[in-house]
Structures are given as C-alpha cells and as structure tokens.
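First the structure, in the form of structure tokens, and then the observations on it.
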Amino acid sequence: MSSDDRLDERIRAAASDYREPPETPREAMWERIQAARAGRELREAAARRRRGRWMRRGIGIAAVLVAGIAIGRLSSPAGSRAPQVATTASGSGAGGAAAGRAPASAAGTTGSRALVAYRVAAAEHLGRVEAFLTLFRREAATGRVDGDFRAPARSLLSDTRLLQASPAADDPALRAVLGDVELVLAQIAQYTEEPSRRQDLRFIDQGMEQRGVLLELRTMVTTARPSGLAQGAL
Amino acid sequence: MHEPELIERVLAGDAAAERTLYDAHVDRIYRLAYRMTGEDDLAQDCTQETFLRAFERLAEFRGDSALGTWLHTVATSVVLNALRKRKRRWRREVAMEKAGPLGRREIGEDVGLRQRLHAAIDDLPDKYRMVFVMHEVEGYTHREIGSALGIEVGTSKAQLSRARARLREALAVYAGEVT
C-alpha cells in the first residue's frame, strides 16, 4: 500500500464526522413545505385572476378599437381618410379639451363621426392605461413587481400603437400623450425580475414622474371623453 | 407500496402518499444538505426547496431512474445554488466590513488531522466537495453521484481523485506519519 493510499484511508476515516448532521427535523420541515405550497397556490391563483382580468380588458380595448376603426372607414368619404376630419377637429386648439369638444360641434358630418369613434376608443384606452400604470407604480413602490405585468403592458402597448396610427393621433395633445405612454409601456413590457435589472424599476418610475405621465393621462381621460352627443354618434 | 404507484398517488393529490414519499427520502437529502452547507437553517431551506420543486415537477419525472436519484438531482442543484448565493453574500459582507480574505482559515500547527482535514474539505471547490462528501462521507456510488450531478461516472471518479489529491496536499504534513 502506497503512502497516498494510507493517507487516503486516514482521510476517509477522519472525514466520516465531517459536519455531522443533527437528527432530521422532519415534522418542522414538513409543516413549512405544506405552508409554502399553500402560499404558492394562493399566489398562483391570484396571478391567474390578474392575467384573466387584463386579458378581458385587452379584449374590451381591442373591441372598441375595431369598432372605432370600422366606423371610421365606413363613414369616411371615398378617397379621403379621416385625417381631413381630424384637421377640422383638432384645428381649434392643441389641448385635449378643445379637441374633445370639436367633434360635438361637427357631429353632423360623417368625418366628425369617424373622429368621435376614434376618440371614444382613445379615451377608453387611456383610462385603462391610467389604471394599469397606477397599479404598476403602487406595486413598484413595494418592490413586488413581477412578470405578471409584462403581458398586459404588451397588450396595452400594441393598442397604443394602433391608436398612434389612427386619425385620433392627429390631435397633437393626444399624440404627445400616446408617445409618452408608448415609451413607458415598452419599458414595462421589457422589464424582467433579474437582479441586474432591478434598477430599471426606478428608471421607469422616475421617467413617469419626470414626464408627468399619470397627470397627463388623467387630464386627457377627463377631457378627451366625448360628450353625450358625441357618444350618440357611435 | 411500489414507487410507480406511489408517484401516481402523489400526482393524484393523495396527501398520505406525499408524506410517504417525503419520509422515504428526507433523511438522505437533509444529511447531504447539512454536510454541504454546515448550517442547519440553510440545510432545512435546501431540503424544503427540494421537496417543493419535486412536488411541483413530479409530473415531469419519467421514471428513467429511481425516484431517489431524481430527487438527488434536484437536491444537488438546490444546494449548489444555495452555496453560490451564500458565497456572494459573504463576499458582499466582507467587502462592506473590509475584513480579511475568506476561505483559508488560520490553523495552528498543533491542530490535529481531523480538524485540518475538515478545514481542507471546506476549502475544496463546491463541485469537488459535493463528490467527495457524497462518496466518502455519505457512501453514494459513482453511478448515483453521476446521475445526481448530471456527469459521467468517469467524471465523478476523476473529481473524487482530484479532491483527494488536494486534501493530501493540504495534509502533507501528516504524510510522514502514515508511511
């Protein structure tokens, strides 16, 4: 037997009590496993409910947008698209309030009906974005933001881009809000929970704060909702 | 109860079967976790996480190996992750406290083989240490180690051999006593 073998034997013998474990705390660990499983199930159920809620809202937005676009196309004169109308509607002022009132005064024209439809869709959409961002900021403040926010952010982002490409975005005030909203939603849609991306949450929050996105949204939601007459146009 | 039947019952939500599965494997997993971490709290956390993952992913178990082997695959992954996290935490704490370097302990000349050996095992890289502890301390076969760590049997043997060589090096001072 070589000296290495003899040393190995001594090592093996001496290693037998390396970090000798105490008796296995079976019951204590089992209880915690059961509690953790129950907790995970509850969290998963809550996440499923959240996903379902946002999915339903997404479908709602999409439906309003589709209706708006369809009405817009059907009511536009042949060969001309809503931008002509949008110029009429938003020409009286850059503010959302002014733009919001304009369709009512021109409700008799087919073009204004189209614009009203787009604005209804925009107001609905911005209301949902506002609710989403308010919830996001509240969760971000507690550091509990998880991947559940990505799917609704992506859905809202795609609706925002639809609106940006629609005649509703011919209103400069609305276009500016949609631009800000697009940026924030894109950031949230890309946010991951990796430790190296944690500071992104702060950047998103600071960006919203600096640009006053929520305030802008609330103002726009309040003023951009078409009047009863305009809604009747739908 | 045979293993496939036990698994089937666990998958069907049978709480008693879950407990049977847990009782059959918890000792070995806790012992390994404790030997690797040296901390009761961390060993318990690793054991719990192993069973949580196992219950969550049991449907993915295809029966290619014994359930115990599969559980050990989960356990070794959980333990190695926990050790990596602990090291990162220690590094941060040491950096904050500007303490001396981690790892090598000050061991007096008069400290015996056993204590010196234990310190040398502590200083092994985690993967070598895992193989050494599983084989030399807990009595796992190279086949079991290979399956648990996702390595070939030959790799397990080679890592054990390297771990022993490092320990011999660390204990060279005692070599004269055994010749």
Note: residue A:138 to residue A:48 extended length (0.36 nm per residue) minus current alpha-carbon separation gives 30.5 nm
Can you give the extra length, in nm with one decimal, that the chain gains between residue A:27 and residue A:66 once fully stretched, where that is 0.36 nm per residue apart less the Cα-Cα distance?
8.2 nm
Within 10 Å of each Cβ in peptide A:28-36, how many partner chain Cβ atoms are there on average? Round it to a whole number, please.
5
Per residue of B:135-143, count partner chain C-beta atoms within 10 Å of its C-beta, then hand back the mean as an integer.
2
Using mean Cβ contacts within 10 Å as the protection proxy, how do B:131-137, A:38-44, A:6-12, B:15-21 order, highest first?
B:131-137, A:6-12, B:15-21, A:38-44
What FRET efficiency, computed as 1/(1 + (r/R0)^6) with R0 = 22 Å and r the Cβ-Cβ distance, is obtained for residue B:20 and residue B:56, rounded to the nearest 0.05?
0.75
Evaluate E = 1/(1 + (r/R0)^6) for residue B:27 and residue A:210, where r is the Cβ-Cβ distance and R0 equals 60 Å; express this FRET efficiency to the nearest 0.05.
0.55
Calculate, in nm to one decimal, what residue B:172 and residue B:88 gain on full extension: separation in residues at 0.36 nm each, minus their alpha carbon distance.
27.2 nm
Give me A:188, A:59 sorted ascending by neighbouring Cβ count inside 10 Å, so fewest comes first.
A:59, A:188
Gaussian network model of chain B, Cα within-10 Å springs - most flexible of B:49, B:60, B:144:
B:60
With label points set 7 Å from each Cα along the Cα-to-Cβ direction at residue B:64 and residue A:36, the distance between them in nm comes to 2.6 nm
Can you give the helix-only mean residue ellipticity at 222 nm for chain B, where every DSSP H stretch with n ≥ 4 adds -39500 (n - 2.57) and the sum goes over all residues, rounded to the nearest 500 deg cm²/dmol?
-24000 deg cm²/dmol
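No lab work stands behind these numbers, since they all come straight from the coordinates. None of the values given here were measured: they were computed from a predicted structure. Backbone-built Cβ (ideal geometry, glycine too); neighbour counts: all protein chains shown.
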